[in-house]
Amino acid sequence: MKDLVQFIVKSLVDHPDQVEVVEVQGPALTIIELSVAAEDMGRVIGKGGRIINSIRTLLQVPAAKQGTKVSLELLEAGDYS
């Protein structure tokens, strides 16, 4: 799922080298943390959050096949865990 998010987001942004995706596996939930350059935040979020919500919807398919749930979190620039 990490690779899917990385592929989609790198296709959208102006600075693909600054895209970072971290996948945290849990027993029933997988959390995917996404961080992009500050200038690309608007491109990833989209008008009214449509793009980020579409990416979240796409992630539900492989998660359902694995029998888990997935959460995609977009971290603000400089907010690295």
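General remarks:
- Within segment 31-81, being in contact (Cβ under 8 Å) with a residue 40 or more places away in the chain, over 22 Å from GLN18 (Cα atoms) and of a type in the set (S, T, N, Q) holds for one residue alone: THR68.
- Across segment 32-58, the number of residues qualifying as surrounded by 14 or more Cβ atoms within 10 Å (Cβ to Cβ) and among the acidic types (Asp, Glu) comes to 2.
- Members of segment 20-66 that are of a type in the set (D, E, K, R) and touching a His at 6+ places or on another chain (Cβ under 8 Å): GLU39, ASP40
- Test for VAL61: is it outside any helix (DSSP H, G or I), of a type in the set (Val, Ile, Thr) and surrounded by fewer than 15 Cβ atoms within 10 Å (Cβ to Cβ): no
Here, each number is a calculation from the coordinates, and none is a lab measurement. Remember, predicted model here, so these are calculated numbers, not experimental data. With ideal geometry, Cβ positions are generated from the backbone for all residues, glycine too; neighbour counts draw on all protein chains shown.
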